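The values are calculated or read from the model by the stated rules, or taken from the named source; none is laboratory data. Computed from a prediction, not measured in an experiment: that's the story for all the values here. FYI the Cβ positions are ideal-geometry reconstructions off the backbone, even for glycines, and counts take in every protein chain you see. When the accessible area is computed, the model is the full protein with side chains, heavy atoms only, and any ligands, DNA or RNA have been set aside. Shrake-Rupley method; radii C 1.70, N 1.55, O 1.52, S 1.80 Å.
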Amino acid sequence: MLASPLTSETSLNICRCLTIAAAIAAPVSTAVASIASVALLIFWLLSGQAVQTLKLSWQQPVGKMIVLFFAWLIIGTLYAETDWHSKLETLSSWKKLLYVFLLLGVFQQSQWQKRFVYSYFVAMVVAGMIAMPLWALDLIVRDGREAGIFMTNHATQSTAFVAALLCAIFLVQEPLTPRWKCAVWAGIAIFLFNIFFISTGRSGYLAVPIAAVFALGSIYGYSKLPQIIGIAAIVLVAFGLSSNTLQDRFRLAWDEQSGYQSSQDLTSVGIRVVFYKNTVELIEKAPWFGYGTSSFKPTYSNYALAKSQGWQGTSTSDPHNQYLFIWLENGLVGLLLFFAYIVVALRQGMNNKPYGPIAASFLVAICASSLFNSHFKTFAEGYLLAFFLGALLSHPADSTLRQANA
């Protein structure tokens, strides 16, 4: 597809703007995020630079790892004992990785990475300010959600503010005007309040200290890790002692975990324990290559139903643990490729300053929360991570896109 240089750059700039809009919309509105995601693909194609940007993506280490992991997912469809509709549906759930690959070649300019970070930060400050009075006035604006939760759900809202907090941690290090510096510190306070006092997402409570330690270590040096961990522990204890929401959520989790075997009712934590045990037992039967891409639901459901009665035999398409899911479907080979993708992405992020470490820190947060969810595959968290990685891991290039042909 041919396009004039002016039209080409305009199309790519619209594509970048739509990426920023999609990242902001992902935790709030599935419909808006989906429309923005499709639109950015259209403008990417209209730019006439699709081939060149894909070449730039392939030149980057994380781009190669995405291709390798996705290739193994495709191979996994060949030995899965499921229909092709299920296989294609599962592959489609991993398409967030393809957005990462695409954006690696589009966000080559450092000024657009800066716009991405600042735009997301400002948008989430506004979101945090909206959530606080809703929570204080005990207003429920979405059916089935708690007071103050106006995004997709409490876990998604928590994750969105975790990403914003990490942006703020790095932005406060930049040479800002006093007004901007105060705004960033105010943003940090808003995000922490939302995560620990308003949101009931336990995965956010876990992700914040781990990701914050990683982020601060990248800023001040990992030789100061003991001091950083000590400060993080003090802050976490302070929030734990002052937040009734956090205390109630952990108390509930402990009660559900300790009494799940005798419980007559299905509970959030109790069913997760059953999912983990059954999934591990299935993995032991096929550890190396797994049961194939798209195999989780039928494999697990048949096993759980034959083994247990009542709620313990509940069917599921996801064990609420990203790593167990990959291991069961794609074996140890697939899991190691997935870990390699994460490691390469972390290294590339840490080497792509000033904004790459934000993406690396958010990746650490998602890795932590994915011990109890499958956030790499869920819509809101998965797309939000994809946009952060695609936009901020890309190595800035001073050369034009045409040089990718050289």
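Numerical summary
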item	result
Peptides ranked, highest mean first, by Cβ atoms within 10 Å: ranges 13-21, 365-373	365-373, 13-21
The chain - percent of accessible surface contributed by carbon and sulfur, probe 1.4 Å	68
Protection proxy ranking, peptides 286-297, 120-131, average beta carbon neighbours within 10 Å, highest first	286-297, 120-131
Computed Rg/Rh of the stretch 47-118, alpha carbon atoms with Kirkwood Rh	1.10
Relative contact order %, the stretch 1-103, counting alpha carbon pairs below 8 Å whose residues are six or more apart	28
Cross-link reach list, lysines versus LYS181, counting only Cα pairs under 22 Å and skipping chain neighbours closer than eight places	LYS114, LYS353
Relative contact order (percent, whole number), the chain, Cα cutoff 8 Å, 6+ residue spacing	24
Cβ-based net charge around GLU89, under 12 Å, with every Lys or Arg adding one and every Asp or Glu removing one	+3
GluC sites (Glu not before Pro), loop per DSSP, at most 15 other Cβ atoms within 10 Å - longest free stretch of the chain	82-283
Probe 1.4 Å, accessible area per residue of the chain, Å²	44
Dipole of the chain, positive direction: furthest Cα of VAL125, LEU139, TYR300, with charges on the beta-carbon	VAL125
